[in-house]
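Colleague: Mind looking over this structure? Questions follow.
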Amino acid sequence: MKKISIAALLAFGTIASAQDAAPVVTPGGTKVQLYGRLELNSSYEDGLTNGLWSANALSNANKDAQGRTTLSIARTRLGLNLEGPSKEDEPGLKGRFEADFAGASGYSNHNGSSGFRVRQSWGSVNYKGLGTTLLFGMTDDVVTPLDPPSINPSSLNGVGNIGNRRPQIRVTQALGPAELAVAATHDRLRADDNVASSSPAVQGRLGVKLPATWAGEKANLALGVSGLFAKDEAANADDDNRAKRGPSANLIGVDLSAPLMDILTLTGEWFMGQNLTRYGDGSLGLNHTSSSNPQKVREDGISSMGFWAALSAKLPSNLSAATGIGMESLDGEVNVEDASKSTIIPGSRESNMFIFANVGYNFTSAAKLTLEYFTLSTDYAKKANGDKTDSGSLNRYELNFRYDFK
């Protein structure tokens, strides 16, 4: 085998490193930094959900069902941070490519992963003098940008937390301590087919960040208000069919990150909206366009409200802890006299609620072990004939090992 000389490597690019900084490869002047994490999720559930990545508890009607044990590496992640090249008088260039192994809706196959999945792929142009940044590609939604400090693989989507990742064109403008972001985003109408919208969705967020001096020199209080609007019209629908698609998807949300002291932080989100299943399993993951839904649901859409709140603490001896609560519930009722006039789907999910608590231990600054207790309950609406469906509930015990590298 031929040996590769240092000179040959330098001909391709240079490797720069500094004290306390990650190595950076610079081929052609573009700085490329490798990062990622190795992660194992192991868990036991004494009830059943729709899958490892779902936060919907199945009905307890089958009380003899056994619990489930899972081990998965699907959240192992690999990414590249890119910067430049750009001259002194040119706008700054940045980019990111990130992938994990949670494809195919997160269901693990026999070896504990479920397929390669691109999480982020974007490039941005930053005009520093104007405070303006243009972003093109796939990244997180603009709306409700936070996640609860839980290790649950679902990120608690569908049970109070909302938001996902999607291709978009985004403009961000700094306004002193505030920041305004507006994006046109990809909007597929249904997850079970390839029906695409006739126009992109629009998302926006106004956020402000202020120094939280009571919690330390680098601590900040952050508050944001966001919203989205998406038309539920298929690109291939004629005028008559467009009228039958139902109402639009929309959301208004608030997010908060507030350091209470140097070791304790409060985070949370609240949202209210309609037809949000494609935005992180909002509306409890229910689709108002389904032909099995009553006519009233298709006409009015599925409205819901949700929230989550959590406390995170940094403790002595390399320990950390977090606890939180959240829920999402539908706005509507079942009409047992005429199911077609029901404003929610008879016999389907009506509300979800979770409570979690975890404690973590850092072996080093890059390696962490976390143990979490998580309880989930799902209530179901009445059936069309007025019968009640049993609620669902479960307890989940999870152990997570995570090794970050960069």
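The values are calculated or read from the model by the stated rules, or taken from the named source; none is laboratory data. Not measured: the values here are computed from a predicted model. Here the Cβ positions follow ideal geometry from the backbone for every residue, glycine too, while neighbour counts run over all protein chains shown. Each accessible area value is taken on the protein alone, full model and side chains, heavy atoms only, with ligands, DNA and RNA left out. Shrake-Rupley method; radii C 1.70, N 1.55, O 1.52, S 1.80 Å.
Colleague: Where Lys and Arg each count +1 and Asp and Glu each count -1, what net charge lies around LYS382 among other residues with Cβ under 15 Å from its Cβ? Intermediate results must be reported in sequence, preceding the final value.
Modeller: Values: positive: LYS296, LYS341, ARG349, LYS383, LYS388; negative: GLU333, GLU337, ASP338, GLU350, ASP379, ASP387, ASP390.
Counting the neighbours of LYS382, the net charge comes to -2.
Colleague: Still on this structure, I have one more. Just by accessible area at a 1.4 angstrom probe, what is the order of PHE116, PHE307, PHE354, PHE229 from largest to smallest?
Modeller: PHE116, PHE229, PHE307, PHE354
Colleague: For region 319-376, count all C-alpha to C-alpha pairs, find those more than 15 Å apart, and express that count as a whole percent of the total.
Modeller: 64
Colleague: Beyond a 21 Å Cα-Cα separation, which of these cross-linked pairs lie in this structure: LYS31/LYS406; LYS296/LYS382; LYS231/LYS341? It would help to have the intermediate numbers written out before the result.
Modeller: Working: LYS31/LYS406 14 Å; LYS296/LYS382 16 Å; LYS231/LYS341 23 Å.
Exceeds cut-off: LYS231/LYS341.
Colleague: Report relative contact order for region 116-173 in percent, whole number only (criteria: Cα-Cα under 8 Å, sequence separation at least 6).
Modeller: Details: 79 pairs, mean separation 22.8, N = 58.
About 39 percent, as a whole number.
Colleague: Between their Cα atoms, which of LYS87/LYS368; LYS128/LYS368; LYS218/LYS368 are more than 28 Å away from each other?
Modeller: On the way: LYS87/LYS368 40 Å; LYS128/LYS368 36 Å; LYS218/LYS368 23 Å.
With Cα atoms farther than 28 Å apart: LYS87/LYS368; LYS128/LYS368.
Colleague: Quick one: which of 338-344, 139-145, 276-282 comes out on top by average Cβ neighbours within 10 Å, and what's the full order, highest first?
Modeller: The most tightly packed comes first, giving 276-282, 139-145, 338-344.
Colleague: Probe radius 1.4 Å, ligands and nucleic acids ignored: give me the carbon and sulfur share of the accessible area of region 112-169 as a rounded percent.
Modeller: Using a 1.4 Å probe with all protein chains present, region 112-169 comes out at 58 percent carbon and sulfur.
Colleague: Residues of region 29-51 with amide nitrogen under 17 Å from the 7 Å Cα-to-Cβ point of THR69?
Modeller: Counting only backbone N, you get 41-48.
Colleague: Counting alpha carbon pairs within less than 8 Å and at least 6 residues apart, what relative contact order, in whole percent, applies to region 304-406?
Modeller: Relative CO of region 304-406 lands at 23 percent.
Colleague: Using mean Cβ contacts within 10 Å as the protection proxy, how do 317-330, 166-179 order, highest first?
Modeller: So the order, starting with the most tightly packed, is 317-330, 166-179.
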